[in-house]
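The values are calculated or read from the model by the stated rules, or taken from the named source; none is laboratory data. The model shown is predicted, which means the values in this text are computed figures rather than measured ones. Reconstructed Cβ throughout: ideal geometry from the backbone, glycine too, with neighbour counts over all protein chains shown. When the accessible area is computed, the model is the full protein with side chains, heavy atoms only, and any ligands, DNA or RNA have been set aside. Shrake-Rupley method; radii C 1.70, N 1.55, O 1.52, S 1.80 Å.
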Amino acid sequence: MAAKLILTWDIKPNTEQEYFEFVVREFLPEVQKFGFNLSDAWVTVYGDQPQILVGATLSNLEEIKKIIHSDPWGQLVTKLLDYVTDYREKIVMSNGSFQF
């Protein structure tokens with residue numbers, strides 16, 4: 001059964017343009033190079049939830065754990081942290097629909 005990595009964060013004020021350029025040009029392509037299939041991209045426009053949610057799937061849980069504990073993943077997240085706050089990672093078994 002496929003597993004899903006759920007990433008959430010808030011964009012730092014006054015970094016929106018740089019954030020979007022980084023996410024589109026570097027972050028999401030790099031996530032895909034790790035072998036993830038992007039499954040979700042959500043923006044919260046109202047309410048007290050993380051501003052951004054990204055879901056990405058892989059064939060198994062152990063592979064996700066291996067990737068997110070690797071140095072290249074850590075370096076990618078460090079770059080993302082220049083633009084975001086409240087970054088969180090969560091691994092779940094994919095149920096084929098929206099998951100938080």
Discussion item. For Ser94, what accessible surface area do you get with a 1.4 Å probe? Give it in Å², rounded to 10.
Written reply: 20 Å²
Worksheet item: In the full protein assembly as shown, how much of Trp9 is accessible to a 1.4 Å probe, in Å² to the nearest 10?
Response: 0 Å²
Worksheet item: What FRET efficiency, computed as 1/(1 + (r/R0)^6) with R0 = 22 Å and r the Cβ-Cβ distance, is obtained for Thr44 and Ile68, rounded to the nearest 0.05?
Response: 0.45
Item to complete: Grab the DSSP H runs of the chain that are 4 residues or longer, score each as -39,500 (n - 2.57), total them, divide by all residues and round the 222 nm result to the nearest 500 deg cm²/dmol.
Response: -8000 deg cm²/dmol
Discussion item. For the chain, take the longest principal axis of its alpha carbons; what is the angle in degrees between that and the long axis of helix 71-80, to the nearest 10 within 0 to 90?
Written reply: 30 degrees
Worksheet item: Can you give the accessible area of Val23, probe radius 1.4 Å, in Å² rounded to 10?
Response: 10 Å²
Worksheet, complete the sentence: With the dipole of the chain defined by +1 on each Lys or Arg Cβ and -1 on each Asp or Glu Cβ, the option from Ser59, Trp9, Tyr46 whose Cα lies farthest towards the positive pole is Ser59
Worksheet entry | Sulfur and carbon atoms: percent of accessible area, the chain [1.4 Å] | 53 percent
Fill in: Within the chain: Cβ-based charge dipole about Cα centre, in debye rounded to nearest 20 (Lys, Arg +1; Asp, Glu -1)
300 debye
Practice prompt. Roll a 1.4 Å probe over the protein chains and send me the accessible area per residue for region 8-65 in Å².
Written response: 63 Å²
Worksheet item: Which length gain, in nm to one decimal place, applies between Glu21 and Thr85 when the Cα-Cα distance is subtracted from 0.36 nm times their residue separation?
Response: 21.3 nm
